[in-house]
Amino acid sequence: QNIRKHLFIDNEQVVELDYSSLHPAICYAVSGEEMEEGFKPYECDTSFLNINEKAIENHKIKFGIEKYEPVRSICKQALLCSINAKNIEAAFMAVAHELATDLKRPEIKKKYVGIERPFPAKQLCQALCDHNYKIAHFFFSDSGVVLQNLDSKMADLIIQDFISDDEVLLPYHDSFIVKKSLEEKLETSNQQTFFSHQEC
């Protein structure tokens with residue numbers, strides 16, 4: 001986000017667009033289910049988590065961070081782990097490992113400041129599954145490789161779309177950066193590509 005402010009293509013400012021909740025969105029699409037307006041796959045009930053709000057605020061102040069959402073970050077990670085894992089035990093172990101890894105990161109790079117231990121990783125994975133009950137069959141099913149294959153095909157189509165118009169496009173994880181004047185084109189390409197893969 002900070003680097004993007006200094007990026008220019010053809011002396012023009014850039015914009016970055018991504019697929020919102022890409023892998024869960026694919027799961028809903030291929031299942032023939034619609035996500036209700038405003039529904040967020042990662043925003044399950046987390047009232048059982050012990051969160052130190054003061055620690056989060058102090059971290060934001062210390063490093064001048066405006067937006068820092070460790071609960072959303074761990075929910076997102078837990079959802080992806082749950083879809084990738086073969087069973088719930090493997091899922092919550094992967095989440096626990098992610099939290100343990102975070103403890104070793106430099107303070108400024110920590111993702112989960114304020115999330116108290118012991119952490120109920122298994123309960124969180126199940127809560128996310130319950131929250132996304134319409135696609136529960138994708139949880140703990142080792143579906144990650146299939147979804148990664150689909151999203152790579154989608155990304156390839158978007159890249160080819162811009163190459164055919166002799167335009168620059170910078171892929172970054174599940175997002176794309178283009179010059180601002182091509183924002184509408186990128187949005188259209190994203191939507192067309194996503195809907196064309198619903199039946200995959």
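Return the residues of region 130-144 that are free of Cβ contacts under 8 Å to residues at least 60 places away in the same chain, at negative phi and not in a helix (DSSP H, G or I); say none if nothing qualifies.
Here is the first cut: in region 130-144, the ones free of Cβ contacts under 8 Å to residues at least 60 places away in the same chain are 133, 136, 139-142.
With at negative phi added as a condition, the list becomes 133, 136, 139, 141.
Within region 130-144, F139, S141 qualify.
Applying a threshold of 6 Å to beta carbon distances and a minimum spacing of six or more residues, or different chains, the list of pairs starting in region 149-171 at a residue that is within 23 Å of F8 (Cα to Cα) and ending at one that is among the hydroxyl-bearing types (S, T, Y) and in a helix (DSSP H, G or I) reads I158/S189; I158/T193; D161/S189.
Table: residues versus (1) touching a Leu at 6+ places or on another chain (Cβ under 9 Å); (2) modelled with pLDDT of 90 or more; (3) surrounded by fewer than 19 Cβ atoms within 10 Å (Cβ to Cβ); (4) not hydrophobic (A, V, I, L, M, F, W, C).
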residue	(1), (2), (3), (4)
M154	yes, no, no, no
D166	no, yes, yes, yes
D174	yes, no, yes, yes
K179	no, yes, no, yes
E187	yes, no, yes, yes
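Any chance you could count how many residues in region 90-103 are within 22 Å of L147 (Cβ to Cβ), open to solvent by 30 Å² or more (accessible area, probe 1.4 Å) and touching a residue at least 12 places away in the same chain (Cβ under 8 Å)?
To start, the set of residues in region 90-103 that are within 22 Å of L147 (Cβ to Cβ) comprises 90-95, 97-98.
Within this subset, residues satisfying the condition of being open to solvent by 30 Å² or more (accessible area, probe 1.4 Å) are 90, 92-94, 97.
The next check asks that each one be touching a residue at least 12 places away in the same chain (Cβ under 8 Å); those that pass are 90, 92-94.
So the answer is 4.
Considering (1) among the small types (G, A, S); (2) more than 18 Å from the chain's Cα centre (by Cα); (3) surrounded by 18 or more Cβ atoms within 10 Å (Cβ to Cβ), the lone condition that A127 does not fulfil carries the number (2).
Determine whether region 49-63 contains at least one residue that is of a type outside the set (K, R), touching a residue at least 12 places away in the same chain (Cβ under 8 Å) and surrounded by fewer than 12 Cβ atoms within 10 Å (Cβ to Cβ). First the steps, then the outcome.
Keep residues of region 49-63 that are of a type outside the set (K, R), which gives 49-53, 55-59, 61, 63.
In the following step, the residues that additionally are touching a residue at least 12 places away in the same chain (Cβ under 8 Å) were identified as 49-53, 55-56, 59, 63.
Of the ones still in play, those that are also surrounded by fewer than 12 Cβ atoms within 10 Å (Cβ to Cβ) are 50, 53.
Yes, region 49-63 has at least one match.
Could you tell me whether region 64-74 includes any residue that is touching a His at 6+ places or on another chain (Cβ under 9 Å), at pLDDT 95 or above, open to solvent by 30 Å² or more (accessible area, probe 1.4 Å) and under 19 Å from C129 (Cβ atoms)? Looking for residues that are touching a His at 6+ places or on another chain (Cβ under 9 Å), at pLDDT 95 or above, open to solvent by 30 Å² or more (accessible area, probe 1.4 Å) and under 19 Å from C129 (Cβ atoms), one finds none in region 64-74, hence no. If only residues of region 106-121 that are under 20 Å from the mean Cα position of the chain (by Cα) and open to solvent by 50 Å² or more (accessible area, probe 1.4 Å) are counted, the one that is farthest from P24 (Cα to Cα) is K109.
Here P106 clears all of (1) free of Cβ contacts under 8 Å to residues at least 24 places away in the same chain; (2) within 23 Å of L22 (Cβ to Cβ) except the condition numbered (2).
The values are calculated or read from the model by the stated rules, or taken from the named source; none is laboratory data. All of these numbers come straight from a predicted model, not from anything done at the bench. Because the Cβ atoms are built from the backbone with ideal geometry, glycine has one as well, and the counts that use them run over all protein chains shown. Please note that ligands, DNA and RNA were not included when accessible areas were found on the heavy atoms of the full protein model with its side chains. Shrake-Rupley method; radii C 1.70, N 1.55, O 1.52, S 1.80 Å.
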